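Below you'll find the structure, written out as structure tokens, and then a few comments.
The values are calculated or read from the model by the stated rules, or taken from the named source; none is laboratory data. All of these numbers come straight from a predicted model, not from anything done at the bench. Cβ: placed from backbone, ideal geometry, glycine included. Neighbour counts: every protein chain shown.
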Amino acid sequence: MNSNQKKLVKSTVPVLKTNGTDLTKHFYTRMFTHHPELKNLFNMSNQASGKQQHALAGAVLAYAEHIENPEILINVLKSIGNKHVSLNISPEQYDIVGHHLISSIKEVLRESATDELIEAWTQAYNELAQIMISIEEDLYQSALKKDGGWKGWRTFVLADIIEESSEVKSFYLKPKDQNTIADYLPGQYLSVKLFVPELGHEQARQYSLSSAYHPEYYRISVKKEHQPNAPQGVISNALHQKSIGDEIWVSAPSGVFHAGIDGTQPLVLISGGIGVTPLLSMLETNKNKLQENTTVWLHSCRNEKVHAFKDHIDRLNEDNDWLTTHIFYETASKEEHNPVKEGRIDLAELKDEVLIDHAKYYICGPEVFIKVQYNSLIKLGIAQEDILYEEFGPQLLHFN
């Protein structure tokens, strides 16, 4: 891109701030009309809720704002690339997206969409597409080079299903071909794909691996949404209806949110609800690797009934001096000596426990939960680079 084209792209920033979601809504409607097969790739629950449109609008705006130096966004692009790889996105699909995005810009901006502006955005998109394709090709090749690695979808069998709470089940996945499975970093996720008869197409969802790596199986732990017919509950409810022996499609482990398996830094793990899953993988890896890094575990959920892995964490806490736990229920029993705290996590009240030299802080949970904990850590003086977080669903939060 030349300097004039970059200026033209930046000139659309005010329009994107005001009408970005209108543009992305138009884009998705247009693309799915011409390519309904892409509904097999995109999360249609996020389409229905509007989250995907908001996430894409934010991404387009961020790219326009940083068009002169898109490398600033490299961490976000790598996160998106990991998700694309987990969905087996191909370079050809970037051509489809590009065509409908540029066409949507023309149709939404109308007379403001001059030939020069459209050419500038075409060049901008093509450069971004090449960055993403390069990132994703590196990730594909890295996965294939792993012992047991693969590209695309592989059939796995549900070897066991365990109830972890009133709304969470763990699924133990073994490869149908009985060949080796790739290892992963604690905190990473799998994509799981099912055909959904009521929708008439396939749907994929990402689920964090909820245990330390085991060479014979993967474990994911899935919360069943309370409204089975709501868009966001389609896949979780379908999984909860599965039986041992059923088959599902699975992509190779992926994701940028993870802890190192040989790290020596203390860990502060802060989870809300089903956000417990990637952090549990970190905790178990810490134990299994005999690293015994000082670890503080903070978990918040509604009550004991929905508290997944409660007994497991209690045993780990009792057996390991390096681990300290703080559990919070919105509604807790009033039993004497009950170690559970009523209310929500307040890091300011626990600063003596969580302010540890050279610690890394990992947060996972709902969007509002992440915001509260992240801002609390910043107020306590924790550096941005020492705080990592995982937001389930489209990326709407950008703190660092």
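Can you tell me which of Gly50, Gly81, Gly58 is outside the structural domain of Val234 (by TED's automatic domain parsing), over 30 Å from Leu185 (Cα atoms) and under 24 Å from the mean Cα position of the chain (by Cα)?
Details: Gly81 fails: over 30 Å from Leu185 (Cα atoms); Gly58 fails: over 30 Å from Leu185 (Cα atoms).
Going through Gly50, Gly81, Gly58 in turn, just one is outside the structural domain of Val234 (by TED's automatic domain parsing), over 30 Å from Leu185 (Cα atoms) and under 24 Å from the mean Cα position of the chain (by Cα): Gly50.
Is one or more of the residues making up segment 64-82 over 24 Å from Ser254 (Cα atoms), among the aliphatic types (A, V, I, L, M) and part of a helix (DSSP H, G or I)? Break it down into steps so the answer makes sense when it comes.
Narrowing segment 64-82 to residues over 24 Å from Ser254 (Cα atoms): 64-69.
Subsequent filtering for residues that are among the aliphatic types (A, V, I, L, M) retains 64, 67.
Now restrict to residues that are part of a helix (DSSP H, G or I): 64.
Yes: one or more hits.
For the structure I just gave you, tell me whether Val222 is within 20 Å of the chain's Cα centre (by Cα), at pLDDT 95 or above and either assigned by TED's automatic domain parsing to the domain that holds Leu185 or buried (at least 22 other Cβ atoms within 10 Å of the Cβ) (or both).
Numbers: within 20 Å of the chain's Cα centre (by Cα): yes; at pLDDT 95 or above: yes; either assigned by TED's automatic domain parsing to the domain that holds Leu185 or buried (at least 22 other Cβ atoms within 10 Å of the Cβ) (or both): yes.
For Val222, the condition - within 20 Å of the chain's Cα centre (by Cα), at pLDDT 95 or above and either assigned by TED's automatic domain parsing to the domain that holds Leu185 or buried (at least 22 other Cβ atoms within 10 Å of the Cβ) (or both) - is met.
Return a yes/no flag: does segment 48-63 have any residue that is hydroxyl-bearing (Ser, Thr, Tyr), touching a Leu at 6+ places or on another chain (Cβ under 8 Å) and farther than 22 Å from Ser86 by Cα. Give the steps one after another, and end with the answer.
Narrowing segment 48-63 to residues hydroxyl-bearing (Ser, Thr, Tyr): 49, 63.
The next check asks that each one be touching a Leu at 6+ places or on another chain (Cβ under 8 Å); those that pass are 63.
Subsequent filtering for residues that are farther than 22 Å from Ser86 by Cα retains 63.
The answer is yes, given that some residue of segment 48-63 is hydroxyl-bearing (Ser, Thr, Tyr), touching a Leu at 6+ places or on another chain (Cβ under 8 Å) and farther than 22 Å from Ser86 by Cα.
Can Tyr329 be described as touching a strand residue (DSSP E or B) at 6+ places or on another chain (Cβ under 7 Å) and either within 22 Å of Glu167 (Cα to Cα) or exposed (fewer than 15 other Cβ atoms within 10 Å of the Cβ) (or both)?
Yes.
Taking interchain pairs and intrachain pairs at least six residues apart, which have beta carbon atoms under 8 angstrom, with the first residue in segment 127-155 and touching a residue at least 12 places away in the same chain (Cβ under 8 Å) and the second exposed (fewer than 15 other Cβ atoms within 10 Å of the Cβ) and part of a strand (DSSP E or B)?
Thr155/Glu247
Name the one entry in Gly187, Gly148 that is assigned to a loop (DSSP other than H, G, I, E, B), in contact with a strand residue (DSSP E or B) (Cβ under 9 Å, 6 or more places away or on another chain), at pLDDT 95 or above and farther than 30 Å from Glu304 by Cα. Spell out the reasoning first.
Working: Gly187 fails: farther than 30 Å from Glu304 by Cα.
Going through Gly187, Gly148 in turn, the sole match is Gly148.
Val296 - would you say it is surrounded by 14 or more Cβ atoms within 10 Å (Cβ to Cβ) and in contact (Cβ under 8 Å) with a residue 60 or more places away in the chain? Break it down into steps so the answer makes sense when it comes.
Numbers: surrounded by 14 or more Cβ atoms within 10 Å (Cβ to Cβ): yes; in contact (Cβ under 8 Å) with a residue 60 or more places away in the chain: yes.
In short, yes.
Any idea which residue in segment 231-256 is surrounded by the fewest Cβ atoms within 10 Å (Cβ to Cβ), counting only those that are of a type in the set (Ser, Thr, Tyr) and in a loop (DSSP other than H, G, I, E, B)?
Ser243
With respect to Glu119, determine if the residue is modelled with pLDDT of 95 or more, assigned to a helix (DSSP H, G or I) and assigned by TED's automatic domain parsing to the domain that holds Leu16. Step through it out loud before you land on a result.
On the way: modelled with pLDDT of 95 or more: yes; assigned to a helix (DSSP H, G or I): yes; assigned by TED's automatic domain parsing to the domain that holds Leu16: yes.
In short, yes.
Condition first: crowded, with 23+ Cβ neighbours inside 10 Å and not in a strand (DSSP E or B). Now tell me which residues in segment 260-280 satisfy that.
Within segment 260-280, Ile274, Gly275, Val276, Thr277, Pro278, Leu279, Leu280 meet the criteria.
If you check Ile74, Ile67, which single one turns out to be crowded, with 19+ Cβ neighbours inside 10 Å and either of a type in the set (Val, Ile, Thr) or under 28 Å from Arg154 (Cβ atoms) (or both)?
Working: Ile74 fails: crowded, with 19+ Cβ neighbours inside 10 Å.
It is Ile67.
Each row is one residue, and each column tells you yes or no for (1) modelled with pLDDT of 95 or more; (2) in the same structural domain as Lys83 (by TED's automatic domain parsing); (3) part of a strand (DSSP E or B).
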position	(1), (2), (3)
Glu127	no, yes, no
Ser134	yes, yes, no
Asp138	yes, yes, no
Leu158	yes, no, yes
Lys174	yes, no, yes
Asp177	yes, no, no
Leu194	no, no, yes
Leu199	no, no, no
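I'd like to check something: does segment 21-37 contain any residue that is surrounded by fewer than 17 Cβ atoms within 10 Å (Cβ to Cβ), out of contact with any Leu (no Cβ under 8 Å at 6 or more places or on another chain), in a loop (DSSP other than H, G, I, E, B) and polar (S, T, N, Q)?
No, every residue in segment 21-37 fails to be surrounded by fewer than 17 Cβ atoms within 10 Å (Cβ to Cβ), out of contact with any Leu (no Cβ under 8 Å at 6 or more places or on another chain), in a loop (DSSP other than H, G, I, E, B) and polar (S, T, N, Q).
Is it fair to say Ile181 is outside the structural domain of Lys360 (by TED's automatic domain parsing), within 20 Å of Ile274 (Cβ to Cβ), out of contact with any Asp or Glu (no Cβ under 7 Å at 6 or more places or on another chain) and not polar (S, T, N, Q)?
Numbers: outside the structural domain of Lys360 (by TED's automatic domain parsing): yes; within 20 Å of Ile274 (Cβ to Cβ): no; out of contact with any Asp or Glu (no Cβ under 7 Å at 6 or more places or on another chain): yes; not polar (S, T, N, Q): yes.
So Ile181 does not fit the description; no.
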